[in-house]
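The block underneath contains the structure these notes are about, expressed in structure tokens.
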2 protein chains.
Amino acid sequence: MSDKTRILLCGAGAVGVYFCGRMAQGGMVDVSVLCRSDYDVVKEKGYHVSSPAGDFDFHPAGIYRSAAEYPGDADYIIVTSKVLPEVDVPAMIRAAVRPHTAIVLIQNGIEIEKTIVSAFPDNELISSIAYIGVTRTAPGMIVHTDSGKLKFGVFPNGISAKADKLAQLFSSGKIVATITPEIMRARWEKLLWNVPFNPISVLTQSDTARIMADPECLQLVRSVMLEVAALADADGWTLPETLIDELLEFTRNFPPYKPSMYVDFLNKRPMEIEAIVGNVVRIAERLHVSVPHIFSIYAMLKRLAGA
Amino acid sequence: MSDKTRILLCGAGAVGVYFCGRMAQGGMVDVSVLCRSDYDVVKEKGYHVSSPAGDFDFHPAGIYRSAAEYPGDADYIIVTSKVLPEVDVPAMIRAAVRPHTAIVLIQNGIEIEKTIVSAFPDNELISSIAYIGVTRTAPGMIVHTDSGKLKFGVFPNGISAKADKLAQLFSSGKIVATITPEIMRARWEKLLWNVPFNPISVLTQSDTARIMADPECLQLVRSVMLEVAALADADGWTLPETLIDELLEFTRNFPPYKPSMYVDFLNKRPMEIEAIVGNVVRIAERLHVSVPHIFSIYAMLKRLAGA
């Protein structure tokens, strides 16, 4: 083994391959990947990433079908799988988790850390949000289109030497990685956009431009955002008062955009309904906050997904 | 002309043909129809209605492409067209309206009478709700499947000699036609079912059985019903407290059913969104009643319809 930091990437979809591929370019890490469906192609040719920031190839240090095959001693296990009830992350990574391994979640939603904390209570857990537009177009082929930033912190709050080190590693690969001692605040801020736009785009079969151009839909988006903000507040995270207007203005000026959940729906892939919306409804019940707009959306989205 | 009561049916779809065809069987009326798309077929062969209560043929006394062609002096103009922003009922019937003509609306929704009252302030207006399952399967071909009752009264309230007479005419054709002095109450009671089930079935692509079997969707249905009941109350019509549970129980025991709006959606036909949901939202604004669940549904349904 080299002296490089050892990374094991689990859930080698577009997001994980982009961020870890960039990190590998920095030269300070050995990145291995757990990879099932694309295994043969990646084993033979590695990944190819096309990106406005420069195309690159990414040849992982090791490619494995399961954590049990991984012979290393990972400093970080980076999880970028989708958050779905049927994806058991602890089972997926357990065989590779060592006492000193930090587990890093680069995933959407809220309260997604619970199962990891329960399964690995003694491991450091770093929770991260990604801001990126990136798609897998074929086995081993990744197309990066927009942005590409990370924000992370120690769960449930704070920073640490391992989080600092991780930021350096991403920076070495030219990824803008910001550390925050308040990762839960960052999650709520991201939910402020995700809770309205992801489900409403699916239920109305509309991109962001069509939603923004429809007065009633825009009013619904704002009502949902106000409910998310009230809930964040009840959870101890008072969001900036101007943030809703800023997000709406940003979305209005952005080109027509299909949120990830709508892309999943159009491609008949499972949607992250529980992580992004269902958990919000359950937090609202627990904290006794009324969220009728969010509940309406949740109930219908869940039914539509099962239809 | 005979001494029979003269009826002109406008919007000769399945509902109108069924009820007026049955009425014609009673022998007390001459029924003429305004008929555009099916004109040639109906002119040649009339209508054929298949029904569990007995199949029958219906040969209208006259068949016209527009009200201006109608040579008669109608005692009743019965309007059964769908309530859509693009359907201008006053323009459709104006040429046939005489001072003594009673205008009869057999249509869905709420506040659908306004445009008629404005256009014909001196004519008697009878507002009616239909309870029926009936479909046009081909030009001139009508299939009746369920129920087949009418409830009507003078708009905005009360009864009248003309309403009484109309009930007799329907009865002569073996139609159960009930007169109520409170037709607005009847409309609110019907909305209690229509406002949740019509839009939710479209947005979730689900029939009533799937909606009833989904705990969150059922909770949403109940929340919408409570909002409709609160709104009816604010409008002066206190609905029976047990009605929501009765409707839910009825729906639970009914075979899986696709509400009319969902059938329209599946057939890419325009939906009665404004008559059934939009007008409810506008009444809520006017009466300052909070209806967040209904508004969520309305905003998304409207966007989906325009998608």
All positions within segment B:70-92 that are under 23 Å from B:Met28 (Cα atoms) and not aromatic (Phe, Trp, Tyr) = B:Pro71, B:Gly72, B:Asp73, B:Ala74, B:Asp75, B:Ile77, B:Ile78, B:Val79, B:Thr80
key: Scope segment A:218-229; condition crowded, with 24+ Cβ neighbours inside 10 Å and either within 12 Å of B:Ala307 (Cα to Cα) or over 24 Å from the mean Cα position of the chain (by Cα) (or both); matching residues   = A:Leu220
Checklist (1) touching a His at 6+ places or on another chain (Cβ under 9 Å); (2) not in a helix (DSSP H, G or I) applied to A:Lys258, failing item = (1)
key: Boolean, B:Glu241 is buried (at least 19 other Cβ atoms within 10 Å of the Cβ), of a type in the set (Asp, Glu) and away from every other protein chain (no Cβ under 11 Å)   = no
task = Within segment B:218-226, identify whether any single residue is within 13 Å of chain A (Cβ to nearest Cβ), without any contact (Cβ under 8 Å) to a residue 24 or more places away in the chain and not charged (D, E, K, R), and answer yes or no.
result = yes
inquiry  = I'd like to check something: does segment B:92-101 contain any residue that is modelled with pLDDT under 95 and either surrounded by fewer than 18 Cβ atoms within 10 Å (Cβ to Cβ) or within 30 Å of B:Val280 (Cβ to Cβ) (or both)?
reply    = no
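Condition first: among the aliphatic types (A, V, I, L, M) and in a loop (DSSP other than H, G, I, E, B). Can you find one or more residues in segment B:216-233 that meet it?
Scanning segment B:216-233 turns up no residue that is among the aliphatic types (A, V, I, L, M) and in a loop (DSSP other than H, G, I, E, B).
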ask   = Given the structure, is B:Leu231 in contact with a Leu (Cβ under 9 Å, 6 or more places away or on another chain), modelled with pLDDT of 95 or more, within 20 Å of A:Gln219 (Cβ to Cβ) and away from every other protein chain (no Cβ under 14 Å)?
value = yes
request  = Working only within segment B:71-116, note down all residues that are assigned to a strand (DSSP E or B) and more than 16 Å from the chain's Cα centre (by Cα).
outcome  = B:Tyr76, B:Ala102
ask   = What number of residues within segment B:276-290 are over 19 Å from B:Leu84 (Cβ atoms), within 9 Å of chain A (Cβ to nearest Cβ) and not small (Gly, Ala, Ser)?
value = 0
ask   = Are any of the residues in segment B:111-122 surrounded by 17 or more Cβ atoms within 10 Å (Cβ to Cβ), in contact with a helix residue (DSSP H, G or I) (Cβ under 7 Å, 6 or more places away or on another chain) and small (Gly, Ala, Ser)?
value = no
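Just to be sure, is A:Phe19 within 17 Å of A:Ile78 (Cα to Cα) and buried (at least 24 other Cβ atoms within 10 Å of the Cβ)?
So A:Phe19 passes the test.
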Unique residue being more than 14 Å from chain A (Cβ to nearest Cβ), hydrophobic (A, V, I, L, M, F, W, C), assigned to a helix (DSSP H, G or I) and under 17 Å from the mean Cα position of the chain (by Cα) when the list is B:Leu150, B:Leu192, B:Leu169 = B:Leu192
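The values are calculated or read from the model by the stated rules, or taken from the named source; none is laboratory data. No experiment lies behind these values; they were computed from the predicted model shown. Cβ: placed from backbone, ideal geometry, glycine included. Neighbour counts: every protein chain shown.
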